[in-house]
Amino acid sequence: MRRKSFSARTLDANAMKSFAHPLRLRLYDLLDEHGPSTATRLAGLVGQNTGATSYHLRELARHGMIEIAEGMGRGKEKYWRVTPGGFSYGEPSEADPEAAGAVEYLLDELVRQRGEELSRWREESPTAPEEWVAASVFGRRSLRLTVAETARMRDEVFAVLERYRAVSDGRPPEAPEDLGRVIVHFDVLPVGAGRPAPDDDD
């Protein structure tokens with residue numbers, strides 16, 4: 001069954017296979033977290049030579065993951081940034097096991113990354129500005145819903161996220177001082193789907 005995409009851009013099999021590379025994922029994450037940067041600066045952050053980072057940045061750009069940040073840099077200096085708009089993983093064909101393996105790798109990496117981000121915020125929150133702590137939230141809800149209700153809830157939440165993503169993508173470089181990078185983790189996991197709920201006294 002094809003999953004619904006909540007992005008204007010869905011990665012095809014070739015893009016997913018190219019993206020499922022540890023260094024490319026790291027470079028993408030650094031650009032996403034810290035904003036536009038050069039191959040030289042990124043090379044220092046990941047412990048690689050500039051030739052290697054330049055190659056992997058071009059591969060990311062070839063599949064539309066990143067793009068040149070126009071108006072930045074001097075002379076031939078080239079700044080890269082994450083392509084606005086986000087992306088979704090496509091559905092690989094059963095006839096393409098390499099693409100299926102790439103999706104598994106990317107999803108496992110996503111789960112690992114989310115765990116790290118949550119742990120980091122737990123460590124940083126005691127010393128973070130009070131207003132940012134007040135604006136943040138840890139939340140978990142267990143709901144009893146039908147398939148249709150679950151899909152409708154998912155669509156409504158993603159509609160809100162898309163609205164704020166448009167605000168984020170449309171921000172000018174001269175951002176206000178109180179701007180911060182906000183990570184939203186949202187998962188709908190039908191645990192025990194199709195099975196009756198246990199009795200309260202079980």
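Conditions tested, residue by residue: (1) surrounded by 10 or more Cβ atoms within 10 Å (Cβ to Cβ); (2) modelled with pLDDT under 85.
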residue	(1), (2)
Arg144	no, no
Val147	yes, no
Thr150	yes, no
Arg154	yes, no
Arg165	yes, yes
Arg171	yes, yes
Val182	yes, yes
His185	yes, yes
Pro190	no, yes
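Does any residue of the range 131-139 turn out to be touching a residue at least 40 places away in the same chain (Cβ under 8 Å) and not in a helix (DSSP H, G or I)?
no
Suppose the filter is part of a helix (DSSP H, G or I), of a type in the set (Lys, Arg) and open to solvent by less than 60 Å² (accessible area, probe 1.4 Å); does Arg114 pass it?
Numbers: part of a helix (DSSP H, G or I): yes; of a type in the set (Lys, Arg): yes; open to solvent by less than 60 Å² (accessible area, probe 1.4 Å): yes.
For Arg114, the condition - part of a helix (DSSP H, G or I), of a type in the set (Lys, Arg) and open to solvent by less than 60 Å² (accessible area, probe 1.4 Å) - is met.
Which count do you get for residues in the range 37-56 that are small (Gly, Ala, Ser) and touching a residue at least 12 places away in the same chain (Cβ under 8 Å)?
4
Which one of these is farther than 18 Å from Val182 by Cβ and either surrounded by 14 or more Cβ atoms within 10 Å (Cβ to Cβ) or not aromatic (Phe, Trp, Tyr) (or both): Glu124, Glu70, Glu131, Glu33?
On the way: Glu124 fails: farther than 18 Å from Val182 by Cβ; Glu131 fails: farther than 18 Å from Val182 by Cβ; Glu33 fails: farther than 18 Å from Val182 by Cβ.
Being farther than 18 Å from Val182 by Cβ and either surrounded by 14 or more Cβ atoms within 10 Å (Cβ to Cβ) or not aromatic (Phe, Trp, Tyr) (or both) holds for just one of Glu124, Glu70, Glu131, Glu33, which is Glu70.
Among the residues of the range 82-107, what is the count of those that are open to solvent by 80 Å² or more (accessible area, probe 1.4 Å) and in a loop (DSSP other than H, G, I, E, B)?
2
The values are calculated or read from the model by the stated rules, or taken from the named source; none is laboratory data. Being a predicted model, the structure only gives us computed values, none of them experimental. Here Cβ is always computed from backbone atoms with ideal geometry, including for glycine, and neighbour counts include all displayed protein chains. Areas reflect the complete protein model, heavy atoms only, side chains present, ligands, DNA and RNA absent. Shrake-Rupley method; radii C 1.70, N 1.55, O 1.52, S 1.80 Å.
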